[in-house]
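Trainee: This is the structure I want to talk about, given as structure tokens.
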Amino acid sequence: MRCVIALIAAACLGQQDHREDVPFDILVKLITQAARERFRPIMTYRIERRPSGLSWYEAKYALPGARTCRIFETPKVAFICEWDKPKAGTAAKYTYAEAVKQFEAALGAEWAKATIPGRTPRVRFTARNEAREGTIEIADAERGADWSLRITFYAMEMPE
């Protein structure tokens with residue numbers, strides 16, 4: 001009986017806040033502001049995989065339609081959301097171009113956009129002001145990846 005209760009509690013805790021009533025621009029602002037504090041305000045519980053040593057924190061919020069949104073501490077502190085690849089013969093529900101356009105609108109003129117050279121399309125948004133809120137990267141699927149789109153919010157780097 002204890003095992004069943006523990007499994008139900010774990011399943012409930014693992015659900016992220018996918019509410020549709022939070023406007024996208026507000027959600028992005030919540031995540032970018034949390035980047036100042038290494039995402040601690042939006043962390044929930046820690047997951048560890050043994051023996052691989054992989055670990056992450058589940059996040060309180062997820063971007064709409066994302067398969068997963070997790071906070072990793074290594075190699076850099078980052079909030080990463082990934083979308084599933086579409087099934088054969090179907091179109092992606094959320095594309096790279098749509099994501100870039102939506103983030104440009106949500107972030108506004110306070111963020112600079114730069115294209116990152118490479119095999120796959122990637123773009124980086126960086127805050128223009130002194131009170132930096134980290135960096136955001138949007139990447140299209142890489143060959144062999146199990147995701148179609150990845151959006152990464154990097155935490156603000158603290159001076160040492």
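The values are calculated or read from the model by the stated rules, or taken from the named source; none is laboratory data. Given the structure is predicted, the values throughout are model-derived calculations rather than measurements. Cβ coordinates were reconstructed from backbone atoms using ideal geometry, including for glycine residues, and neighbour counts include every protein chain displayed.
Trainee: Can you find a residue that is part of a loop (DSSP other than H, G, I, E, B) and either at pLDDT 85 or above or surrounded by fewer than 12 Cβ atoms within 10 Å (Cβ to Cβ) (or both) anywhere in region 130-141?
Mentor: Yes, that holds for at least one residue.
Trainee: Which is assigned to a helix (DSSP H, G or I), hydrophobic (A, V, I, L, M, F, W, C), under 23 Å from I26 (Cα atoms) and out of contact with any helix residue (DSSP H, G or I) (no Cβ under 8 Å at 6 or more places or on another chain), of A105, A97, A112?
Mentor: From the options A105, A97, A112, the qualifying one is A97.
Trainee: Shifting gears a bit: Only one of these is under 14 Å from W83 (Cα atoms) and touching a strand residue (DSSP E or B) at 6+ places or on another chain (Cβ under 8 Å): A99, A145, A112. Name it.
Mentor: Matching residue, one of A99, A145, A112: A99.
Trainee: Filter region 20-65 down to the residues that are within 24 Å of T95 (Cβ to Cβ), in a loop (DSSP other than H, G, I, E, B) and either among the aromatic types (F, W, Y) or touching a residue at least 40 places away in the same chain (Cβ under 8 Å) (or both) and list them by number.
Mentor: E20, A62, L63, P64
Trainee: OK, next. Of all residues in region 66-88 being among the aliphatic types (A, V, I, L, M) and assigned to a loop (DSSP other than H, G, I, E, B), which is surrounded by the fewest Cβ atoms within 10 Å (Cβ to Cβ)?
Mentor: A88
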